[in-house]
Amino acid sequence: MSAEIKDLLYIAAIVAAVSGSHFMQRAKIMVLEERMKGYGRTTDRIFDSLKRIEDKLDEKADK
């Protein structure tokens with residue numbers, strides 16, 4: 001009987017460990033996705049700034 005209980009506890013521990021690592025991986029993926037969104041916004045701002053600078057330089061060149 002005690003061997004069966006140990007086996008059940010062992011299986012329960014494995015299930016808990018696997019599910020914990022699964023959710024940890026999902027959390028890491030969510031963090032990486034949020035970082036990528038942040039970098040996307042940052043690059044958009046950089047390109048907008050470069051576009052404005054280019055427009056200003058074009059206006060000065062026309063004068």
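Could you tell me the accessible area of E34 in Å² (1.4 Å probe, neighbours in place), rounded to the nearest ten?
Looks like 110 Å² after rounding.
Give me the percent of the accessible area of the chain that comes from carbon and sulfur atoms, probe 1.4 Å, all protein chains in place.
Ligands and nucleic acids excluded, carbon and sulfur reach 65 percent.
Among G20, T43, L8, which residue has its Cα positioned farthest towards the positive end of the charge dipole of the chain, with +1 placed on the Cβ of Lys and Arg, -1 on the Cβ of Asp and Glu, and the dipole taken about the Cα centre?
The one lying farthest along the dipole's positive direction is T43.
Rounded to the nearest 0.05, what FRET efficiency is calculated for V18 and Y39 with R0 set to 30 Å and r the Cβ-Cβ distance? The partial results should precede the final answer.
Numbers: r = 32 Å, r/R0 = 1.06.
Efficiency, from the Cβ-Cβ distance: 0.40.
For log10 I(q)/I(0) by the Debye sum over Cα atoms at q = 0.30 Å⁻¹, the listed values are (1) -1.34; (2) -1.07; (3) -1.48; which was obtained by calculation from the structure presented?
(2)
The values are calculated or read from the model by the stated rules, or taken from the named source; none is laboratory data. Not measured: the values here are computed from a predicted model. Heads up, the Cβs are rebuilt from the backbone with ideal geometry, glycines too, and the neighbour counts pull from every protein chain shown. The protein model used for the area step is the full one, side chains on, heavy atoms only, and it has no ligands, DNA or RNA in it. Shrake-Rupley method; radii C 1.70, N 1.55, O 1.52, S 1.80 Å.
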